[in-house]
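Notes follow once the structure below has been shown.
Just so it is clear, none of the values below were taken in a lab; they were calculated from the coordinates. None of the values given here were measured: they were computed from a predicted structure. Quick reminder, even Gly has a Cβ in these numbers, built from the backbone with ideal geometry, and neighbours come from all protein chains shown.
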Amino acid sequence: MSIKLKEPAQIEKMRRSGRIVRQVLDACARLAVPGASTMDLERAAERQIRDLGATPAFKGYRGYPCVLCTSVNQEIVHGIPSARRLLKAGDIVSIDCGVVLDGYYADAAITVPVEDTSPKLQKLMQVTREALYQAIEQARVGNSLGDLSSAVQQHVEANGFSIVREFVGHGIGTELHEEPQVPNFGRRGDGLPLLEGMVLAIEPMVNAGRPGARLLNDNWTAVTEDGSYSAHFEHCVAVTKNGPLILTE
Ligand code: MF3
Ligand code: CO
């Protein structure tokens, strides 16, 4: 077990991968309209990734069948795109995409409303995104992993929502999942010291209700135990001597 620190030139490569992920997510967000299927997003994403000269990171990873994860409403993460899953106004959908370009991975996710959604769900999405950015703010040399994790937990819980504990963020680089694991809960000062050249995929998953998760029979889709809705945002962030550098925006 070891953490692979990245040189600036490697981080620059990851930034190119990250830019492609961002373009794909932006395009998918525009396609998330009432009547579209999650497979429509998948098809557009795969075409765009290949047109941009990159390779999808998820398809074939441990047998996962698609280039996107599309997780609707009470689905937390790893929802599998389907032509039968039609989006409707008021839904929220997490779109998660990873690519590899020139040997370097990037991975990011957004949650978007389909047309308009309720104020409660808008707040769920906003708090999850804010929690991600507060964690990113902690991704500095001299801080610890626990500083980052606790930033997520505190913001989410202060707003009355819950942190999913079954899934965590991760290091990323020449593999999709590298060490260390990046939990969305923890205590200030705990855990590894953050070092220059670490690249972390930070990905809070936040439930509107209770924190519990369970797996559907497809062995991929994670849903909330209590049926409450869930949001998910993810960025890849490099710890640099000049502070946190977001590679996926
Ligand atoms: N962002 C997710 C992760 O880092 C998506 C992985 S989907 C998989 O775990 F299919 F590749 F596993
Ligand atoms: Co990830």
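To the nearest 0.05, how large is the calculated FRET efficiency for GLU137 and LEU5 if R₀ is 25 Å and r is the Cβ-Cβ distance?
Given R0 = 25 Å and the Cβ-Cβ separation, E is 0.75.
Which net charge results when you count Lys and Arg as +1 and Asp and Glu as -1 among the other residues whose beta-carbon is under 14 Å from that of THR38?
Net charge in that neighbourhood comes out at -3.
Which of the trypsin sites (Lys or Arg not before Pro) across the stretch 101-137 are loop residues per DSSP, with 10 or fewer other Cβ within 10 Å?
none
Suppose each label sits 7 Å from its Cα in the direction of the beta carbon; what would the LEU216-LEU52 distance come out to in nanometres?
Inter-label distance under the simple model: 2.6 nm.
Starting from the 7 Å offset along Cα-to-Cβ, what nm value, one decimal, do you get for the label separation of ASP26 and GLN126?
Computed distance between label sites ASP26 and GLN126 equals 2.4 nm.
In whole angstrom, how far apart do the alpha carbon centroids of the stretch 142-198 and the stretch 46-90 sit?
Using only Cα atoms to place each centre, the spacing works out to 24 Å.
Under unit Cβ charges (Lys, Arg +1; Asp, Glu -1), what dipole magnitude, rounded to 20 debye, does the stretch 8-246 have relative to its Cα centre?
My answer is approximately 260 debye.
When a/c reaches 1.5 or more, the comparison of a/b and b/c decides; with that in mind, is the stretch 98-174 rounded, prolate or oblate per its Cα gyration tensor?
Here the stretch 98-174 falls in the oblate category.
Could you work out the local net charge near ASN184, counting Lys and Arg as +1, Asp and Glu as -1, over the other residues with Cβ closer than 12 Å to its Cβ?
With Lys, Arg at +1 and Asp, Glu at -1, the neighbours total -3.
If each Cα of the chain is one equal point scatterer, what is log10 of I(q)/I(0) from the Debye formula at q = 0.07 Å⁻¹?
Results for the chain at q = 0.07 Å⁻¹ read -0.21.
Is it possible to state the helix-based mean residue ellipticity at 222 nm for the chain, with each DSSP H run of 4+ residues giving -39500 (n - 2.57), the sum divided by total residues, to the nearest 500 deg cm²/dmol? What is it?
-9500 deg cm²/dmol
List, in the order given, every pair from LYS88/LYS123; LYS13/LYS88; LYS13/LYS59; LYS4/LYS123; LYS6/LYS120 whose Cα-Cα distance in the structure shown is over 28 Å.
Violating the 28 Å limit, Cα to Cα: LYS13/LYS88; LYS4/LYS123; LYS6/LYS120.
In µm²/s, what is D for the stretch 103-222 at 20 °C and 1.002 mPa s, where D = kT/(6 pi eta Rh) by Stokes-Einstein and Rh is the Kirkwood radius from Cα pairs?
The calculation lands on 142 µm²/s.
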